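The values are calculated or read from the model by the stated rules, or taken from the named source; none is laboratory data. In this text, all values refer to a predicted model and were calculated from it rather than measured experimentally. Every residue, glycine among them, receives a Cβ derived from its backbone with ideal geometry; neighbour counts consider all protein chains shown. Remember, those area values only see protein heavy atoms, side chains included, never the ligands or the DNA or RNA. Shrake-Rupley method; radii C 1.70, N 1.55, O 1.52, S 1.80 Å.
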Amino acid sequence: MPRKKKNESEAASAQPAWADRLRYFSQHQDRMVATIRELVEIESPSDNKQSVDRIAAFLARKFKALGGRTQLHRSDDFGDSLQIDFSGASTMPNCKPVLLLGHYDTVYPLGTLANMPCKVENGRMRGPGALDMKSGIALMFHAIEALQAWHGELPRPVTVFLVSDEEVGSHSSRKITEALARKSAGVLVLEPAAGLRGAVKTARKGVGEYMLHVRGVAAHAGLDPGKGHSAILELSRQIAVLAKLNNLRQGVSVNPGVIHGGTRTNVIAADASLGIDVRIKSAKQASGVDRKLRSLKPFDKHCTLEITGNINRLPMERTAGVAALYKKAQSIAREVGWTLDEAAVGGGSDGNFTAGMGIPTLDGLGGVGEGAHATHEFIVISELPRRALLLAGMIESV
Ligand SMILES: [Zn+2]
């Protein structure tokens, strides 16, 4: 570990020299960029098991080379998730591990690389998943490597858990995430930072996914218009009701995001369905929104409604445990003259699960950039060294 020179006082020599660490990561910046490129160039859309399994196998080899014990958690419906355990120094046998949490699935379909290649220009690195969150995985790798270089062995046990299905609700990985979190001293989530100032995320909204199915009565639109009961008309009236559930001041939003229905223009539609995204700011809003959705009544008595789904992720609230981790992160950042901001965001992550269990969780420790899930997704390369420094410091001190 880099330390102050011998001629300084005993007290000062116990402090890691943060400037040396920052220099270390600046010297390794090109290697970090190379790692991100390796990961971005293995496409891994959530819905393509074969591709996601390929990046899992690649990362298993990579982390194994660092001395981690790797374990693939098999899934039939999604890609396999990857757990990597590093033991800590033998002098700290009872120290709980810190859990580094991330995902390698992306929202981009196979073939996206052809139109959105991984490239570096003007200090930015572009490519599908560069920000969300392949740069975060690269930061984990290089922070662990650095801690090993500085200390000889990791100062404490570290568990890395990389999931295969975060972008589609984490259905196959959630239980494992929660079990690992329960055994950990704290959870560091390497999802992208908030905004170009690189704020960490200390609060996230909760997320619900619902589906509203309407069954009506089909009829010929020309011959028997009076006999039909349109599922589409009924659904459109329900959408107006749903719109009234929005309460942006209190952080509740309800979005009718995907609509399907009908078969032909000359048929009164017998079926229609709606995919709904719900966001809530506090856990206690969950049951209220859920109840309102489940008690929707049809306007047309000949139509029936069926609602499925639930609040999938409770909000990540800024608990005392979360605030304490943020304070730690701030003080590490201050060592290199960096004012680290915090942010509350509307998107959910697996950090919602672990924070919801009461495990101290800090999110948004990953790459800095913009355009997650969009064609202009990029990270700012010059931010990588201090993000790696922050992560290494947090692994030591959580
Ligand atoms: Zn993500």
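Kindly report the accessible area of region 246-338 per residue (heavy atoms of protein chains, probe 1.4 Å, no ligands, DNA or RNA), in Å².
58
Could you calculate the FRET efficiency of residue 19 with residue 196 from 1/(1 + (r/R0)^6), where r is the beta carbon distance between them and R0 is 35 Å, rounded to 0.05?
0.90
For region 277-358, what class follows from the C-alpha gyration tensor (a ≥ b ≥ c being the square roots of its eigenvalues): rounded when a/c is under 1.5, otherwise prolate if a/b is larger than b/c, else oblate?
prolate
Counting other Cβ atoms within 10 Å, keep those with at most 13, restrict to DSSP loop, and tell me which trypsin sites (Lys or Arg not before Pro) in region 111-208 are left.
Answer by residue number: 183, 197.
Please state the shape class of region 84-168: rounded when a/c is under 1.5, otherwise prolate if a/b exceeds b/c and oblate if not, all from the C-alpha gyration tensor.
Oblate shape, in that a/c is at least 1.5 and b/c is the bigger or equal ratio.
In sequence order, what are the phi-derived ³J(HN,Hα) couplings for region 275-280 according to the Karplus relation 6.51 cos²θ - 1.76 cosθ + 1.60 with θ = phi - 60°, rounded to whole Hz, with x for glycine and proline?
The phi angles translate into x, 10, 9, 10, 10, 9 Hz.
Go ahead and run the numbers for FRET between residue 296 and residue 320, Cβ-Cβ distance against an R0 of 45 Å, rounding to 0.05.
0.75
Provide the percentage of antiparallel DSSP beta bridges, counting only those with both residues in the chain; round to the nearest 5.
Antiparallel bridges: around 75 percent, rounded to the nearest 5.
Given the pairs 201/328; 205/284; 175/284; 96/183; 201/281; 244/297, which are separated by over 18 angstrom at their Cα positions?
Table pairs above 18 Å Cα-Cα are 175/284.
How about region 21-74: which trypsin sites (Lys or Arg not before Pro) there are in a DSSP loop, with at most 13 other Cβ atoms within 10 Å of their Cβ?
74
Given the options 140, 211, 92, which has the most mean-square fluctuation in a GNM of the chain, springs set between C-alpha atoms less than 10 angstrom apart?
92
Computing the accessible area with a 1.4 Å probe over protein heavy atoms, can you report the carbon and sulfur percentage for the chain?
Looking at the chain in its full context, I get 52 percent from C and S.
Between residue 382 and residue 243, 0.36 nm times their residue separation minus their Cα-Cα distance comes to what?
So the extension gain works out to 45.8 nm.
Is the shape of region 312-398 rounded, prolate or oblate, going by the alpha carbon gyration tensor and its root eigenvalues a ≥ b ≥ c, with a/c under 1.5 for rounded and a/b larger than b/c for prolate?
oblate
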